Amino acid sequence: MLRPLLGGLIFASALVSIMVRPYRVSEAVSAAAGAALMLAFGFVGIPDAAGLLVGQWNTFGFFLGLMLISAVAEEAGVFEVLGYTAARWGRGNAARLYAAVFAVGTVITVFLSNDATALILTPVVYALVTRLRLNVLPFVFACTFIADTASMVLPVSNPINILMLHSVGGSLGGFLRYLLLPAAAAVALNAVVFLLLFRRDLAQDYRLEDLPPPRVEDPRYLATVSILLGVIAACYVAASITRAPLSVVALGGALALLAAALWRRRLHARSLARKISWSLFLFVGAMFILVRGVENLGFTAEAGRLLATAAGGNALAAVILVTVGTALGANLINNVPMALVMVSTLGALPASTPAVSSLPYAAMFGADLGPNLTTVGSLATMLWLLILRRRGLEVSTLQYVRLGVTFVPLLLLAGSVLIWLRL
Amino acid sequence: MRILCAIGDRRGAELVRKVARFAGSTDELALVHVVDTGPRHPVNHLEGHLRPPHGRGQEMDAAENDAGEAVLREAAAEAGRAGLASTSRLERGRPEQVMVAVARELQADLLAVLARELPASHPRQGPPSVGHTARFILDHAPTDVILFRERP
């Protein structure tokens with residue numbers, strides 16, 4: 001009795017520490033401390049933990065390859081060129097520019113992942129829009145939202161997809177079957193709603209001559225990197241179809257890009273190393289051990305039983321519960337631990353559970369979109385407070401709450417129904 | 001008379017043109033543009049603790065400064081065409097608060113502000129016709145304020 005209690009306490013404490021970050025302790029350190037306690041108290045055996053981490057080589061390799069690819073693409077000027085191209089497509093109209101930013105953000109997210117859009121494209125668009133003297137907030141909102149809503153188009157669009165797909169033994173076929181339509185609907189809804197919402201701010205023109213062309217220090221290098229990115233994208237699709245490990249494509253692509261950087265004398269190891277989130281590997285590895293600990297204690301199996309009971313034999317209810325539950329959890333704790341908990345929980349479901357084949361994909365949908373709730377909860381709180389400040393009487397508190405509470409849940413519900421329809 | 005002109009992102013020259021219609025030839029215009037640092041917070045917040053820093057702070061600073069200096073140059077050129085002496089000043093912070101603080105610091109005789117930077121997308125009359133920055137300045141400025149509205 002005490003052991004499950006202790007194990008649960010370790011897990012809960014680690015999650016709370018990840019959420020709250022007491023004394024500015026990083027999420028990775030909190031997770032690692034929790035994992036160390038799980039090992040120390042024997043909730044996870046060391047050989048089990050080692051096997052678990054080694055078994056996730058595809059996930060870790062993919063993360064590393066993806067970050068290297070984004071870093072090289074950024075250094076080559078790919079994002080600046082894409083931003084400038086969007087400004088040209090806009091032809092002096094802010095609403096057209098907005099649509100173009102959505103399109104560019106979607107393409108970057110689909111092939112280079114959501115982090116590339118959120119972290120690299122957002123400041124590029126910020127600087128671009130500032131120079132064009134347009135209201136920057138709607139564009140920041142566009143980048144941050146599309147980074148998540150477009151991250152369900154392909155497995156490679158979000159590292160969470162790879163993590164979950166690898167853990168459940170899913171396939172590209174299953175992924176596209178259940179998620180392509182919800183992903184397309186999410187992207188379309190996102191673009192339309194935001195274009196309507198920000199139509200007043202976008203009723204402006206701009207002069208392209210206010211924007212200096214992007215400084216491309218080495219056009220041949222940029223061209224080479226662009227071609228290699230295209231090849232990597234094609235290889236991602238091919239590897240997904242043939243179920244070859246995606247980490248091989250990601251790392252191979254990264255090596256090719258690094259070779260190009262070396263050839264053009266543009267390889268700066270220190271600068272590159274700073275672009276890699278090394279703490280992410282510690283965090284993900286520690287989370288695997290933490291979740292294995294609660295799995296060994298039977299918590300996730302119990303959660304699976306509760307889920308099956310709550311669904312009551314209804315396929316749609318099961319899909320909605322998994323989607324919304326994962327999204328809420330991703331919003332509260334972080335989408336990595338939530339994804340791992342859901343993988344373990346769904347793995348414990350009996351085969352007779354309705355819609356059981358679709359539930360891992362419903363969880364992916366929730367984990368990918370969930371951070372938008374966090375966005376609504378914290379980042380968008382800041383953004384909307386700024387908008388409120390600017391618009392004074394126009395945007396009431398009620399409107400803000402209504403948008404925050406309805407838009408993302410609406411996407412979640414629409415996606416759940418579309419997944420259910422694919423059964 | 002020292003007139004502080006609250007230069008926004010786009011219509012600084014227009015504001016100076018309106019001020020020039022009644023300003024005397026010995027009046028001096030203090031052209032002040034404030035880079036709103038508010039939108040930077042959510043962008044910096046994206047970095048998080050499992051993501052590396054985006055490292056584009058300098059680029060964003062440069063974009064903000066260049067855009068601010070461009071709008072000040074336009075406003076100064078308009079003042080020059082009207083034969084009015086002017087000084088330009090670029091600040092950073094919350095525009096409404098900085099404007100009020102600078103007006104106090106310069107002991108401006110008058111603070112000139114547009115009701116809205118984007119009048120076309122708002123009603124021409126009623127409370128929504130005055131933007132937040134202009135509203136704050138009207139409420140808190142330590143000097144007389146002249147508010148230029150779009151004609152209905």
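Working from the Cα coordinates of the range A:244-319, the gyration tensor eigenvalues give, after taking √(5λ), semi-axes of 43, 17, 10 Å in decreasing order.
Placing +1 on each Lys and Arg Cβ and -1 on each Asp and Glu Cβ, with no other charges, gives chain B a dipole about its Cα centre of roughly 440 debye.
For chain A, complete DSSP H runs whose alpha carbons reach 24 Å or more along their own long axis and whose mean Kyte-Doolittle score is 1.0 or higher are A:2-20, A:57-76, A:94-112, A:172-197, A:219-242, A:246-263, A:278-296, A:315-332, A:397-421. The angle separating the long axis of helix B:57-81 from the principal Cα axis of greatest extent in chain B is about 10 degrees.
Comparing mean-square fluctuations of A:212, A:409, A:159 from a GNM of chain A with C-alpha springs under 10 Å, the top value falls on A:212.
When B:14, B:105 are arranged by Cβ crowding within 10 Å, least crowded first, meaning fewest neighbours, the order is B:105, B:14.
Projecting the Cα atoms of B:25, B:98, B:136 onto the charge dipole of the range B:2-148 (Cβ charges, centred on the Cα centre) puts B:136 farthest toward the positive pole. Relative to the Cα centre, the charge distribution of the protein assembly as shown, modelled as +1 at Lys and Arg Cβ and -1 at Asp and Glu Cβ, gives a dipole magnitude of about 500 debye. Under a 5 Å amide H cut-off, with hydrogens placed 1.01 Å from N, residue B:5 pairs with B:30, B:31, B:32, B:112 among residues at least 5 apart or on other chains. Taking A:81, A:237, A:54 as the candidate residues, the one with maximal mean-square fluctuation in a Gaussian network model of chain A, Cα springs under 10 Å, is A:54. Over chain A, dividing the summed -39,500 (n - 2.57) contributions of all DSSP H runs of at least 4 residues by the number of residues returns a 222 nm mean residue ellipticity of -25000 deg cm²/dmol.
Taking chain A as a Gaussian network of alpha-carbon nodes connected by springs under 10 Å, the highest mean-square fluctuation of the residues A:346, A:272, A:411 belongs to A:272.
Nearest 0.05, what FRET efficiency do residue A:273 and residue A:223 give at R0 = 30 Å with Cβ-Cβ as r? Using R0 = 30 Å, I get an efficiency of 0.70. Under the convention that each Lys and Arg Cβ holds +1 and each Asp and Glu Cβ holds -1, the size of the dipole of the range A:154-312 around its Cα centre is about 380 debye.
Counting Lys +1, Arg +1, Asp -1, Glu -1, what net charge surrounds residue A:113 among other residues with beta carbon under 14 Å of its beta carbon? In short, -2.
Considering only alpha-carbon pairs that sit under 8 angstrom and 6 or more positions apart, the relative contact order computed for chain A is 22 percent. Positive end of the dipole of the protein assembly as shown (Cβ unit charges, origin at the Cα centre): among A:70, A:272, A:105, the Cα lying farthest that way belongs to A:105.
In a DSSP loop and with at most 14 other Cβ atoms within 10 Å, the trypsin sites (Lys or Arg not before Pro) in the range A:41-145 are A:91.
Inter-part distance, the range A:113-172 to the range A:176-205, computed on C-alpha centroids, equals 13 Å. Label positions at residue A:231 and residue A:57, each projected 7 Å from the Cα along the C-beta direction, are separated by 2.4 nm.
Since every read-out is calculated from the coordinates, none of them should be taken as a lab result. Nothing here was measured: the structure is a model prediction, and the numbers come from that model. Note that we place each Cβ from the backbone using ideal geometry, even for glycine, and neighbour counts take in every protein chain shown.
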